[in-house]
Amino acid sequence: MEKLAKPIGIIYILISIAMFYNGTFHANQNIPDQFNLYWMATGGAFLIGMLSLFFSKGLLTSTYISRILVGSLFIVSGLIKANDTLGFSFKLEEYFAEPALNWPIFSPYSLPLSIFIAASEIVLGFAVLFGALIRLSSWALLGMILFFAWLTYFTASCNDAQILALEQGVEFHGDCVTDCGCFGDALKGSVGRSLTPWESFFKDITLLIFTIPIVLMQGKIKFNTLKDDKIILPSAIIFTIIVGAWLFGWWFPTIFTAIIFALYLFIKQNLVRESQVLPSAFITILASFGFALYTIHYLPIKDYRPYAISNNILEKMSDGKDGIYNDLMVYENKKTAEILEIDQKEYMKRWKEIEANYNFKDRVQRVVVEGVSNSISDFKPYKFYDNLNKNELENEALKASIAKVYDDYYQKVHVLQNIQYGYTDSVLEIDYDKSLYPLSDSTWAYKGLVEAKLDPNKQMEVDFTSYLLHLDKVSLFISYDLDLTNKEAWLTLKQIADNARSKGIKVYAITNGLPDMTNKLNKEIGANIDFLTMDATELKILVRSNPGVLYLENGTVKQKWDFNRLDHLSLKD
C-alpha cells in the first residue's frame, strides 16, 4: 500500500495542476459551469494527491472518502433515475436515435435498460459502501462511469459543433441531446435548471477521479468490519442528506439508505461473517429493482416536472426571465492584430482613434445575464376548427384563439346570385360594397355569408390552452401513444368521464391521435369524449402513464392518476 501511495499521489497532484492551469489560463468561455463541477474535480484530484503523498495512511483515507462519496452519489443518482424509469427510457431513446448515436437496435430495449441501469447504480453504490464483492463492483463502477463520461463528452461536443455551425451559417447534420434526463429534471425541479452537457461531463470526471482509488485498492478492501461501518455508514447518511434532501429537496434517498443500512446491520448481527455478503446483496438488489418496477407500474413518488401536483400551469408558462445581452463591434488593430470588442456608446467616444488604427471585423453579441426559459413552453393542445362544437364556437376564449389564426386558413365570402342571368358572384367580406349589389331592385339575390378555405388541404388548429387553463374544473385524459392503449382502459375512462360530467366537471382527452383515430375510438367504446391533439413529447411530461388522468382547477394541477389506479379514481365535487 505504501509503495502504491506515492506514485498515486504524484499522478493526482500532476492531474490537479494540469486541470488548474487549464481552468485558469485556457478555460473555454463557451463551457458554462455554474455548479463549479470542474473545480470539484480539480480539488478532488489535489486532495487525493496530497493525502496519498504526504500522509502515512493517506491512500487508505482517500479510499474511505472515495467510497463514501461515490457510493452515496450512486445511490442518490440511481434512485432519481429509478423514480422515473419511464422518463429515463425516453432519454435513452433520444440517444439511440439515428440523428444521435444511431444505435436503433437498442431502442426497443430502452425501458428494460433504464430499469437495469438505474437499479444497478443503487446496487453498486451500496456494494462500494459495504465493501461487498468489491472486485466485481469496482470494475463495474469504473466501466459505467467511463461509459457515461464518453456519452456526456459526445453530447457536449455535439452541442458545441451545432452552435458553431449555427454561427457560421453551415448546415448541421445530426441531433444533439440537450440535457441529462432524470438527473436534469430533478435539478430543474429543485434549483431551477439542469446541468449543461459539459457540466454533466465534469460530474462524471469528478466521479472518475474518486473511483480510481477504489479500483486500485480493491485488493485491500474487504467486507466491512465494525470499524469500517462506524466510519462509512454515518458519513454516507450525511452525504445523502446533503445531496438528496438539501440539493434535490427529497428525503427519500436518505430514508431508503437508512432502511438498507438497518437490514444490513441486522444481518451482520445475526449471521456469522462468512454468511453475511449474499443476504446483504440479495436485499439490496431486491429493494433497488423493486423500487424501479414500482414506479413503472404506478407514478414517480417525487415529481420534478413542471406539471407536478400543486403547480399552476399558467404560472409555469410565464416564469422565465429575459436575458441581458450586449451588442459589440469587433475591430482588429492594423499593426498588432489585437482584437478590440466595443459597444456603440464607447465607439462614439473613440471613433476617430478606432477608424485610424483598427479594421472592422465583425459584430457579436455577448451575454451579460443569461436568460431563463419558461418551465412550460409546449403545452399547446388543439382541435381542428371544423370539429368544434356549438358551445366551443361560442366560447370567448376559443373565439380569441380562432381570431389569431383565422385569416391564415379561411376567408369570409358574401355569395350573391344575379337574378336576370343566373350566375353567382362571390365577394370577400373586406371588399363587399352593398351599393354595387342592390337587392331592392331585384337585380341580386343575397345567398349568405360563407367561410371559404384558402387551401383545402390545410386544417386550422384552434389552440385550447387558455380555454382549458381557465376552466374552474377540468379532467384531462392523457395518452402520448394511442396505439399502445387498449379498449378496456378507455371503457374505464368513459365511466370516469360520465362521473365527472355528473359533477359539473369538464372532460377532455389530449392525445397524439388525429380525428380519424379518435372518432373511431369513440365509436368503439360508445362514448362522446372530446379529443384534443398535442405533441407526444409534451404528453409524456404531463403524466408518466399511458393513459393517465390530470385533474385541474383554474390551471392548477390538483391530482394525477396512473393507468393502474384508474379504478380508484375519485374527483372532487
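The values are calculated or read from the model by the stated rules, or taken from the named source; none is laboratory data. Here the structure is a predicted model, which means the values were calculated and not measured. Glycine gets a Cβ as well: all are built from the backbone with ideal geometry, and neighbour counts include every protein chain shown.
Of S114, S56, S107, S16, all but one fail to be surrounded by fewer than 22 Cβ atoms within 10 Å (Cβ to Cβ) and within 19 Å of the chain's Cα centre (by Cα); the exception is S107. Return yes or no: is A236 out of contact with any Lys or Arg (no Cβ under 7 Å at 6 or more places or on another chain), at pLDDT 90 or above and surrounded by fewer than 20 Cβ atoms within 10 Å (Cβ to Cβ)? No. Being within 24 Å of the chain's Cα centre (by Cα) and either charged (D, E, K, R) or in the same structural domain as G9 (by TED's automatic domain parsing) (or both) is the requirement here; does I212 meet it? No, not satisfied. Restricting S479, S475 to those that are over 30 Å from E94 (Cβ atoms), within 34 Å of the chain's Cα centre (by Cα) and surrounded by 14 or more Cβ atoms within 10 Å (Cβ to Cβ) reduces the list to S475.
In the stretch 241-262, the residues that are touching a residue at least 12 places away in the same chain (Cβ under 8 Å) form Cβ pairs under 7 Å with partners that are aliphatic (A, V, I, L, M) and outside any helix (DSSP H, G or I), at six or more places apart or across chains, as follows: F252/I301. Of the residues making up the stretch 247-261, one or more are at pLDDT below 90 and buried (at least 20 other Cβ atoms within 10 Å of the Cβ). Scan Y446, Y421, Y432 and give me the residue that is among the aromatic types (F, W, Y), at pLDDT below 85, farther than 30 Å from L514 by Cβ and not assigned by TED's automatic domain parsing to the domain that holds G555. After applying the criteria, what remains is Y421. The set of residues in the stretch 351-384 being in a helix (DSSP H, G or I), loosely packed, with under 12 Cβ neighbours inside 10 Å and in contact (Cβ under 8 Å) with a residue 24 or more places away in the chain is empty.
Entry remark, the stretch 315-342: residues being of a type in the set (A, V, I, L, M), in the same structural domain as D362 (by TED's automatic domain parsing) and assigned to a loop (DSSP other than H, G, I, E, B) number 1 in total.
Residues in the stretch 92-106: is at least one at pLDDT 90 or above and over 22 Å from F154 (Cβ atoms)? Checking the stretch 92-106: not a single residue is at pLDDT 90 or above and over 22 Å from F154 (Cβ atoms). Checking S194, S280, S190 one by one, the residue that is in the same structural domain as V123 (by TED's automatic domain parsing), assigned to a helix (DSSP H, G or I) and under 30 Å from I163 (Cβ atoms) is S190 and no other.
Of the residues making up the stretch 534-543, one or more are buried (at least 16 other Cβ atoms within 10 Å of the Cβ) and closer than 30 Å to Q411 by Cβ.
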